[in-house]
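Report on the following structure.
The values are calculated or read from the model by the stated rules, or taken from the named source; none is laboratory data. Remember, predicted model here, so these are calculated numbers, not experimental data. Methodologically, a virtual Cβ is constructed for each residue, glycine included, from the backbone with ideal geometry; neighbour enumeration extends over all protein chains shown.
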Amino acid sequence: MADEIERIQTGIRGFDSFVEGGFPKGSITLVVGTPGTGKSIFVAETLFNNALKGKKCLYLNLEQGEGKLEKQIRQFGWDLEKAGKNLRIVSVDFPNPGMVEFVLEEVQRLDYDMIAIDSLDSISSSPLETDEVGKMGMDRIAETVIPTLFDAQTVGRLKLKKIFAAISRSRATAFLTTERIEGAQGITRDTISEFLCDNILVLYYMGVGSSQYRTAQIIKMRLSNHEKEFIPFEITKKGIEIRAEK
Ligand SMILES: Nc1ncnc2c1ncn2[C@@H]1O[C@H](COP(=O)(O)OP(=O)(O)O)[C@@H](O)[C@H]1O
Ligand SMILES: [Mg+2]
């Protein structure tokens, strides 16, 4: 049977053929990796390429300071003017207690086709809002987690659940980054987003001296007969380039 799933191409040179042409429209992809593995670049390139095609894209930059992402984008020669209003980049470079509300507001502001949040860790580890859990009411708490102790990690998970729910409601195709700690067990630090997402893309960087070696691996992708092996890639002066053929 033909593939009837509508797919969103990343436009990243050589990548889409490894995932049956793209990520399923409306799916949520977690982009995981240790620092410097290319998460922000992968996501920015995907949104930029789609903005050029007329898709309305939101990139919530919660990690790099104001202007830094734009600088990286320009360095690759991607013309932000061409993307115009289709690529809205919003930067917040300090964790603040109103982070969840801020993100929810931005996500719901427009009928976006694509949303990126870079990174989820900035949300789950943002300072606690003392009344945050209180505002939810017992029914909401009961349906989200087992209400035991509200330690920081539990509250972090509650925040992420809210964010995932809002993104699902928006029907946008989403890319959320999360930082992995070298050698840590499990996929994510928060231990919940890996279950809430539809797809997981892990980026690796193994560099010894001048010989750098980057690979990507899709470890989960709903509705797709995706590549299972490691996919080698490089970050060149033009952005991400896949170094394998499918
Ligand atoms: N112009 C460039 N040429 C080659 N590699 C680059 C260039 N710009 C950035 N990089 C590589 O990309 C890395 C940063 O990628 P990034 O997506 O910000 O990582 P992450 O978001 O996973 O922390 C840098 O550490 C560097 O190795
Ligand atoms: Mg980053």
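Observations, loosely collected:
- So Phe42, is it in contact (Cβ under 8 Å) with a residue 12 or more places away in the chain, under 24 Å from Ala166 (Cβ atoms) and crowded, with 23+ Cβ neighbours inside 10 Å: yes
Matching residues to (1) within 16 Å of ligand 2 (Cβ to nearest atom); (2) touching a helix residue (DSSP H, G or I) at 6+ places or on another chain (Cβ under 8 Å); (3) modelled with pLDDT under 95; (4) closer than 29 Å to Arg109 by Cα:
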| residue | (1), (2), (3), (4) |
| --- | --- |
| Lys159 | no, yes, yes, yes |
| Leu201 | yes, yes, no, yes |
| Ser211 | no, no, yes, no |
| Ile242 | no, yes, no, no |
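- Within region 42-72, the set of residues being within 13 Å of ligand 2 (Cβ to nearest atom), closer than 22 Å to Pro95 by Cα, at pLDDT 95 or above and touching a strand residue (DSSP E or B) at 6+ places or on another chain (Cβ under 6 Å) comprises Val43, Tyr59, Leu60, Asn61, Leu69.
- Subset tally (residues that are assigned to a loop (DSSP other than H, G, I, E, B), in contact with a Lys or Arg (Cβ under 7 Å, 6 or more places away or on another chain) and within 16 Å of ligand 2 (Cβ to nearest atom)) for region 1-36: 1
- Qualifying residue in region 194-211 (condition: touching a residue at least 60 places away in the same chain (Cβ under 8 Å), of a type in the set (A, V, I, L, M, F, W, C) and in a loop (DSSP other than H, G, I, E, B)): yes
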